[in-house]
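Novice: Okay, here's the structure, questions in a sec.
The values are calculated or read from the model by the stated rules, or taken from the named source; none is laboratory data. All figures in this text were calculated on a predicted structure; none of them were measured in a lab. Please note: Cβ atoms are built from the backbone with ideal geometry, for glycine as well, and neighbour counts cover all protein chains shown.
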Amino acid sequence: MSIQLFTIGFTKKSAEQFFTRIKNAGVKRVLDIRLKRDSQLAGFAKERDLRFFLPTICSIDYRIVPELAPTDALLTAYKKEGAKWDFYEREFNRLLEQRRVEEKLDKSFFDFGCLLCSESTAEQCHRRLVAEYLQRRWGDVEIKHL
């Protein structure tokens with residue numbers, strides 16, 4: 001039986017679109033893998049708000065998974081210092097390997113979980129890299145980007 005793993009970014013989505021997508025997908029828990037969860041740019045997706053909104057609106061659990069967030073140095077290199085995506089992807093995958101996340105995290109915890117980050121699409125977002133990394137390591141992971 002495979003794990004159903006979803007991903008979503010909150011930017012370029014209204015609160016209605018965001019909560020409707022995750023609720024309709026059958027998500028059981030949102031796994032926040034952002035390094036910075038209380039930025040002014042987060043709008044309705046600030047940590048303290050999601051802790052309230054997700055269980056209240058959707059009956060969905062909210063968890064922070066810092067082991068799946070990038071380091072501040074890596075994020076700064078990419079967002080502010082002009083590092084290219086291929087550099088970020090390679091270094092982030094190396095970070096996941098070093099952290100041995102596939103051994104330290106409970107596989108069943110991810111079933112019907114949804115990796116949350118900020119990017120509007122998964123193409124150049126670490127949530128895609130996390131999902132694909134876990135899929136390679138665990139083998140039985142189905143990924144759906146919301």
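Novice: When region 88-127 is examined, which residues are found to be within 16 Å of Pro66 (Cα to Cα) and within 13 Å of the chain's Cα centre (by Cα)?
Specialist: Within region 88-127, Phe110, Gly113, Cys114, Leu115, Leu116, Cys117, Ser118, Cys125, His126, Arg127 qualify.
Novice: Here are Leu41, Leu35: which of them is modelled with pLDDT under 95 and either part of a loop (DSSP other than H, G, I, E, B) or buried (at least 18 other Cβ atoms within 10 Å of the Cβ) (or both)?
Specialist: Of the residues listed, the single one that is modelled with pLDDT under 95 and either part of a loop (DSSP other than H, G, I, E, B) or buried (at least 18 other Cβ atoms within 10 Å of the Cβ) (or both) is Leu35.
Novice: Follow-up question, since we're still on this one. Listed residues Ala69, Ala73; which is over 20 Å from Ala25 (Cβ atoms) and touching a residue at least 24 places away in the same chain (Cβ under 8 Å)?
Specialist: Result: Ala69 is the single residue among Ala69, Ala73 that is over 20 Å from Ala25 (Cβ atoms) and touching a residue at least 24 places away in the same chain (Cβ under 8 Å).
Novice: Related question: How many residues are surrounded by fewer than 18 Cβ atoms within 10 Å (Cβ to Cβ) and without any contact (Cβ under 8 Å) to a residue 40 or more places away in the chain when one looks only at region 1-18?
Specialist: Residues meeting the conditions: 4.
Novice: Identify, by number, the condition in (1) within 24 Å of Leu134 (Cα to Cα); (2) out of contact with any Phe, Trp or Tyr (no Cβ under 8 Å at 6 or more places or on another chain); (3) β-branched (Val, Ile, Thr) that Ile3 doesn't meet.
Specialist: So Ile3 meets the others, but not (2).
Novice: Report the residue count in region 81-135 for those that are more than 26 Å from Arg21 (Cα to Cα) and either outside any loop (DSSP other than H, G, I, E, B) or modelled with pLDDT under 95 (or both).
Specialist: Final tally of qualifying residues: 23.
Novice: Can you go through Arg127, Arg63 and tell me which one is surrounded by fewer than 17 Cβ atoms within 10 Å (Cβ to Cβ) and either in contact with a helix residue (DSSP H, G or I) (Cβ under 8 Å, 6 or more places away or on another chain) or not aromatic (Phe, Trp, Tyr) (or both)?
Specialist: Arg63
Novice: Tell me which residues, restricted to region 119-139, are closer than 14 Å to Tyr88 by Cα and among the basic types (Lys, Arg).
Specialist: Within region 119-139, Arg127, Arg128 qualify.
Novice: When you look at Glu119, is it of a type in the set (Asp, Glu), surrounded by fewer than 17 Cβ atoms within 10 Å (Cβ to Cβ) and either within 18 Å of Gly9 (Cα to Cα) or in contact with a helix residue (DSSP H, G or I) (Cβ under 9 Å, 6 or more places away or on another chain) (or both), yes or no?
Specialist: Taking the combined requirement at face value, the residue does not satisfy it.
Novice: Further, regarding this structure: Could you tell me whether region 46-57 includes any residue that is of a type in the set (Phe, Trp, Tyr), surrounded by fewer than 16 Cβ atoms within 10 Å (Cβ to Cβ), at pLDDT below 95 and more than 12 Å from the chain's Cα centre (by Cα)?
Specialist: no
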